[in-house]
Amino acid sequence: MTRTARVNTMMRYINNRQFFTIAELMAQFHVSRSTAIRDLNSIQELGMPLTATVGREGGYAVMQNQLLPAVQFNSEELKALFVSFLATLNTQLPYLQNRNTLTEKLLAIASQTQQDDLLTLQELLVFSHTNRANTKLTELTDHAPAMLKTILNACLTNRQLKLQLAESTTITVWIRHVFSRQDAWYLDAWDLTNQRLQEIAVIAVQKIIPVSQEHTLDPATITAAIKAATPEPNVVINLKGSALQQFRQHPHPTAPLQFLDPFQQTAKLECYLDPTDDQKMLAFVRWFLYLGRDATWVTAPRALYLATQDEVFHQMSALSIPLYKNPEEDARQEALTRNADEEDSDSNEK
């Protein structure tokens, strides 16, 4: 019996008996004392409230009126949950270990026929991040940065954190968003000291310290400060057709899309881009070129236009064809070629 199956069976055993001892669990499930205690800790983490009494006749009991409700899934619901887990495989999501144990539990509560169906779905379905050679394989790249889960758990209590970065640099921030871009995780954070937005790579965070309650600022005050400090958009892009499809695959991390018609066939993107930040300019240019020809500029800083031309020129320079065509030179070359062909034809006739 796997650990997941044992824990599930143990939960039903506890529900039925109401009062039990460690010794009873050891005898019933043929496990050691340490394993029984570890399983009990897992059961309590899942939400079953237990009380413990000490002494010769001591043991555990389930708190009255606090039994876990029976949860049952039909076949279609099991498939929906299982497929959603498959679709997120190899995408560097947080809580990876929890997702894997959930998948095991789904299989544990399924009948043999349902298990066969789920495993067949795993072989059939291939998503964008699925390893086609082995659909069951979890890539090493599926593991998100270790600090990501820590940051998310801390934000559930207080989104104002002190972040220790490289070289002992510490900044105090309010986390606005946590987003993924090109298989890397970033923090969209408001620097409470310098009063500016910052984009921080999660992998650069070495340690976090929650801000104490007495020093925590009102979120409404922070939101107002961000709104006042946010510059007006200086980049506007129109999107349609294939560009919208590309955008859905890789949306802009911080700017929402505004649809211009009720059928969502055309849209525009407005955002601010710092013309002096070369790294962000290049990243934006490459993302814009990825959208394709159905994405067109409406307005942008001159530096962004030049950066786009620079990137295109760099990509084209590797080709062996001329980058720019001269119509007059092309016509002249064509006439010379035609005359040479006619002379060769006359010589052959003679």
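Considering each of Ala267, Ala318 in turn, give the residue that is at pLDDT 90 or above and not acidic (Asp, Glu).
Ala267
Which of the numbered conditions does Ala61 fail, given that it passes all the others? Conditions: (1) open to solvent by 80 Å² or more (accessible area, probe 1.4 Å); (2) at pLDDT 70 or above.
Checking Ala61 against (1) open to solvent by 80 Å² or more (accessible area, probe 1.4 Å); (2) at pLDDT 70 or above, the one that fails is (1).
Does Asp142 qualify as being under 24 Å from the mean Cα position of the chain (by Cα), surrounded by 11 or more Cβ atoms within 10 Å (Cβ to Cβ), acidic (Asp, Glu) and modelled with pLDDT under 90?
yes
I'm trying to understand the selection: among the residues of segment 225-260, which are part of a loop (DSSP other than H, G, I, E, B) and aliphatic (A, V, I, L, M)?
Selection gives Ala255, Leu260.
Going through segment 214-232 one residue at a time, which ones are open to solvent by 60 Å² or more (accessible area, probe 1.4 Å), under 27 Å from the mean Cα position of the chain (by Cα) and in contact (Cβ under 8 Å) with a residue 24 or more places away in the chain?
Of everything in segment 214-232, those that are open to solvent by 60 Å² or more (accessible area, probe 1.4 Å), under 27 Å from the mean Cα position of the chain (by Cα) and in contact (Cβ under 8 Å) with a residue 24 or more places away in the chain turn out to be Pro219, Thr230.
Give the residues of segment 190-203 that are surrounded by 15 or more Cβ atoms within 10 Å (Cβ to Cβ), among the aliphatic types (A, V, I, L, M) and within 18 Å of the chain's Cα centre (by Cα), sorted by residue number.
Across segment 190-203, the qualifying residues are Ile200, Val202.
Quick grid of which residues meet (1) part of a strand (DSSP E or B); (2) more than 27 Å from Asp218 (Cβ to Cβ); (3) touching a Leu at 6+ places or on another chain (Cβ under 9 Å):
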{"site": "Ala108", "(1), (2), (3)": "no, yes, no"}
{"site": "Leu118", "(1), (2), (3)": "no, yes, yes"}
{"site": "Glu123", "(1), (2), (3)": "no, yes, no"}
{"site": "Ser128", "(1), (2), (3)": "no, yes, no"}
{"site": "Ala133", "(1), (2), (3)": "no, yes, no"}
{"site": "Leu163", "(1), (2), (3)": "yes, no, yes"}
{"site": "Ile171", "(1), (2), (3)": "yes, no, yes"}
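Do any residues in segment 123-135 that are of a type in the set (Ser, Thr, Tyr) have Cβ atoms under 6 Å from those of residues that are open to solvent by less than 60 Å² (accessible area, probe 1.4 Å) and at pLDDT 70 or above, where the two are at least six apart or on different chains, and which pairs are they?
As it stands, the answer is Thr135/Gln122, since those pairs meet every condition given.
For segment 90-109, does any single residue satisfy the condition of being surrounded by 13 or more Cβ atoms within 10 Å (Cβ to Cβ), of a type in the set (Gly, Ala, Ser) and touching a residue at least 60 places away in the same chain (Cβ under 8 Å)?
Yes, that holds for at least one residue.
Taking the condition of being aliphatic (A, V, I, L, M), under 30 Å from the mean Cα position of the chain (by Cα) and open to solvent by 40 Å² or more (accessible area, probe 1.4 Å), how many residues in segment 294-308 meet it?
Looking only at that region, the number is 1.
Would you mention how many residues in segment 184-212 are touching a residue at least 40 places away in the same chain (Cβ under 8 Å) and not in a strand (DSSP E or B)?
5
Would you check which residues across segment 154-185 are within 16 Å of the chain's Cα centre (by Cα), open to solvent by 50 Å² or more (accessible area, probe 1.4 Å) and at negative phi and list them?
Arg176, His177, Ser180, Arg181
Any idea which residue in segment 261-279 is least open to solvent (accessible area, probe 1.4 Å), counting only those that are part of a loop (DSSP other than H, G, I, E, B) and closer than 16 Å to Arg248 by Cα?
Gln264
The values are calculated or read from the model by the stated rules, or taken from the named source; none is laboratory data. Not measured: the values here are computed from a predicted model. A quick note on method: Cβ atoms are made from the backbone with ideal geometry, for glycine too, and the neighbour counts reach across all protein chains shown. Ligands, DNA and RNA are excluded from the accessible area calculation, which covers all protein heavy atoms including side chains. Shrake-Rupley method; radii C 1.70, N 1.55, O 1.52, S 1.80 Å.
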